[in-house]
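Visitor: Handing you this structure, nothing more for now.
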Amino acid sequence: MDTYSDCIDSDCDDSDSYESESKQVIVGICAMEKKTESRPMKEILTRLNEFEFIKTIVFTEKTILSDPVDMWPLCDCFISFHSKGFPLSKAIEYVSLREPFIINDLHMQYDIQDRRKVYRILEESGVELPRYVVLDRDSPNPEERELIESEDHIEINGVVFNKPFVEKPISAEDHNIYIYYPTSAGGGSQRLFRKIGCRSSVYSPESHVRKTGSYIYEEFMPTDGTDVKVYTVGPDYAHAEARKSPALDGKVERDKEGKEVRYPVILSNTEKLNARTVCLAFKQTVCGFDLLRANGKSYVCDVNGFSFVKNSMKYYDDSAKILGNMILRNLAPQLHIPWLIPFQLDDPPIVPTTLGKMMELRCAIAVIRHGDRTPKQKMKMEVKHPKFFEIFDKYGGYKDSKLHVKLKKPKQLQEVLDIARYLISEIDQNSDPEIEENKSKLEQLKSVLEMYGHFSGINRKVQLKYQPKGRPRQSSSEDENSGEPSLLCIVKWGGELTAGGRIQAEELGRVFRCMYPGGQ
């Protein structure tokens, strides 16, 4: 990077260093040092540099703030975004001078800094917003400065908002957002601000709105206590996370590494279309925005512009791949770089829906082993009593091509249990000497079917198989059978989750909430 900043100016004729890189796309990163040195940026730039035909250079903060734009390094692709202290006008001037391929439109970044313009663009794009009104104390129009405040409501330009409502500064750089509560809920206000340590808001007994400055007032949305943060990388990719809402108690949830706790979120079809719309409307390939889920709908309440997910390897992989392919697809032909467009770019899984065309997840394949469970057990016994033949006939055993029947339903298992109980009782009373069934086997059958006190699930089953000439001899030591028809009764049980297996299953369920198809 020093080679570029030291030797390139508007009057320099020696372009050997740049020509030597003609077979690579030079991607310039122009942002404040705090952003370019952040972990997400480093993770993504590392992956971008793995592309054979891409080389990234980071403009130093000194170059950005002190040097004229004609002394800035040359690049083919320009990734630049506003943050506190960044000279956005100089970045726009550089683009006008060098005309590189732009990832995030720079002029629109001025609009993103004004919440009025953000809401107007969202409205014009058909994105659902909370009901709102603008109080512009700097407007020459007196109607736009009119505010009538009562104990539990305000009226601005003829629009009434009952408490609770939200008061947002017009400047998106000002994060001092207030929520005002009605007297029935104790009154006062919750004052939100940029995170300081473990706090993101504090309660104040003050119930009156601010009397200086211009604000957007909007209806308070009753969410489930979370905010949804959405991050796009191009119009067809969006990553979403939820965090504890700062409006709850103001305490920031942090993990053992000190990072704010985030929860993975699956976006609905409408939310995915909103992500696409926001990305295109603001011309920001990499763009973050906030969603509120309330009353069965999703509302966009803020657009943050260029922002990355803080801690997701899958997101870093995806972002670098999408950006790298986007850059090469646009620049490789004109720079005569022998790069072949990946097949999936020409054949994305886009399907028509009632909400428009959108990407479709075609398949997710998982191989999952069950948790620890008890051993599977099986018992076989020969039965000849007419009651067994009756139940065999009742459930279509003779009609089956294999002459067997499976009994799994509670009613069926109850009938088998009743037969076992009856035969055991008859054997004990010696009232029926014709019973040939083995008493110990009948008692085991009864014991298995009486387990748990009721029939539920699929943890037991009974099979009856017809044997036209009785059960065949299993060994030479067995007596010859009588040759009379009999039924082979097979009882199966066990294979249930142990206490440890139940814990394993629950832990796997928790892990699945954080998994991505194809992710780590």
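The values are calculated or read from the model by the stated rules, or taken from the named source; none is laboratory data. Values in this document were obtained by computation on a predicted structure and should not be read as measured data. Glycine gets a Cβ as well: all are built from the backbone with ideal geometry, and neighbour counts include every protein chain shown. Heavy atoms of the whole protein, side chains included, go into the accessibility calculation; ligands, DNA and RNA do not. Shrake-Rupley method; radii C 1.70, N 1.55, O 1.52, S 1.80 Å.
Visitor: May I ask you to list the lysines whose Cα is less than 16 Å away from that of Lys321, ignoring any residue fewer than eight positions away on the same chain?
Guide: Excluding near neighbours in sequence, the set is Lys42, Lys55.
Visitor: Just to check, using Stokes-Einstein with a Kirkwood Rh over alpha carbon pairs, what's the diffusion coefficient of region 110-312 at 37 °C and 0.692 mPa s in µm²/s?
Guide: After rounding, the answer is 185 µm²/s.
Visitor: Another one. Kindly report, to the nearest 10 Å², the accessible surface of Trp339 as traced by a 1.4 Å probe over protein heavy atoms only.
Guide: 50
Visitor: Residue by residue, what Karplus-based ³J(HN,Hα) values in Hz, rounded to whole numbers, does region 145-159 have, using 6.51, -1.76 and 1.60 with θ = phi - 60° and x for Gly and Pro?
Guide: Rounded to whole hertz, the list is 9, 7, 9, 10, 10, 10, 4, 10, 7, 10, 10, 10, 6, x, 9.
Visitor: Given charges of +1 on the Cβ of Lys and Arg and -1 on the Cβ of Asp and Glu, with all other atoms neutral, how large is the dipole of region 25-102 about its Cα centre, in debye to the nearest 20?
Guide: Values: 10 positive and 11 negative charges, 65 e Å.
Magnitude of the dipole: close to 300 debye.
Visitor: Which of the aspartates and glutamates could be linked to Lys35 by a straight reach, that is with a Cα gap under 14 Å, when you skip same-chain ones fewer than 8 residues away?
Guide: Glu43, Glu61
Visitor: Ranked from the most accessible area to the least, with a 1.4 Å probe and all protein chains present, what is the order of His208, His239? It would help to have the intermediate numbers written out before the result.
Guide: Numbers: His208 110, His239 10 Å².
I get His208, His239, largest accessible area first.
Visitor: Please report the base-10 log of the normalised intensity I(q)/I(0) for region 202-328, using a Debye sum with one equal scatterer per alpha carbon and no solvent, at each q in 0.14, 0.16, 0.18, 0.22 (1/Å).
Guide: Debye intensities relative to I(0), on a log10 scale: -0.72, -0.90, -1.07, -1.36.
Visitor: Roughly how many Å is it from the Cα centre of region 311-341 to that of region 116-132, as a whole number?
Guide: 32
Visitor: Just check region 25-102 against the gyration tensor rule for me: Cα atoms, a ≥ b ≥ c as the square roots of the eigenvalues, rounded for a/c under 1.5, and otherwise prolate or oblate depending on whether a/b exceeds b/c. It would help to have the intermediate numbers written out before the result.
Guide: On the way: a/c = 2.09, a/b = 1.24, b/c = 1.68.
Cα axes put region 25-102 in the oblate bin.
Visitor: Okay, next question. What nm distance separates the two modelled labels at Ser96 and Ser447, each placed 7 Å from Cα along Cα→Cβ?
Guide: Placing both labels 7 Å beyond Cα along the Cβ direction yields 9.2 nm.
Visitor: Give me the percent of accessible area attributable to carbon and sulfur for region 110-312, probe 1.4 angstrom. Could the numbers behind the result be given before it?
Guide: Values: 4670 of 9510 Å².
Taking all protein chains in place, region 110-312 shows 49 percent carbon and sulfur surface.
Visitor: Short version: ³J(HN,Hα) in whole Hz for each residue of region 221-234, in order, from phi by Karplus 6.51 cos²θ - 1.76 cosθ + 1.60 (θ = phi - 60°), x for Gly and Pro, what are they?
Guide: 9, x, 8, 8, x, 10, 10, 9, 9, 10, 10, 9, 9, x
Visitor: Here is a follow-up. Write down the radius of gyration of the chain and its Dmax, each obtained from C-alpha positions, in Å.
Guide: My reading of the Cα-based Rg and Dmax gives 35.8, 118 Å.
Visitor: Same structure, new question: Going Cα to Cα from Lys163, which lysines come in below 30 Å? Please leave out same-chain ones fewer than 8 positions away.
Guide: Once the sequence-local lysines are set aside, what remains near Lys163 is Lys117, Lys195, Lys211, Lys229, Lys244, Lys251, Lys297.
Visitor: While we're on this one: Only residues of region 133-170 count here: report those whose backbone N is under 17 Å from the spot 7 Å along Cα→Cβ of Leu88, or say none.
Guide: It comes to 169-170, nothing else.
Visitor: Could you give the length gained on full extension between Gln429 and Ser171, defined as 0.36 nm per residue of separation minus the Cα-Cα distance, in nm? Could the numbers behind the result be given before it?
Guide: Numbers: separation 258, 0.36 × 258 = 92.88 nm, distance 9.29 nm.
Value of the extension gain: 83.6 nm.
Visitor: At 222 nm, what value in deg cm²/dmol follows for the chain if DSSP H runs of at least 4 each add -39500 (n - 2.57) and the sum is divided by all its residues, to the nearest 500?
Guide: On the way: 15 runs with 146 residues, N = 520.
Counting only the DSSP helices, I get -8000 deg cm²/dmol.
Visitor: Sticking with this structure for a sec: For region 69-169, which trypsin sites (Lys or Arg not before Pro) are both in a DSSP coil and crowded by at most 14 other Cβ atoms within 10 Å? If you can, show how the numbers build up before the last one.
Guide: Details: sites: Lys84, Lys90, Arg98, Arg115, Arg116, Lys117, Arg120, Arg131, Arg137, Arg145; in loops: Lys84, Arg131, Arg137.
For trypsin sites (Lys or Arg not before Pro) across region 69-169 that sit outside H, G, I, E and B with at most 14 neighbouring Cβ atoms in 10 Å, the list reads Lys84, Arg131, Arg137.
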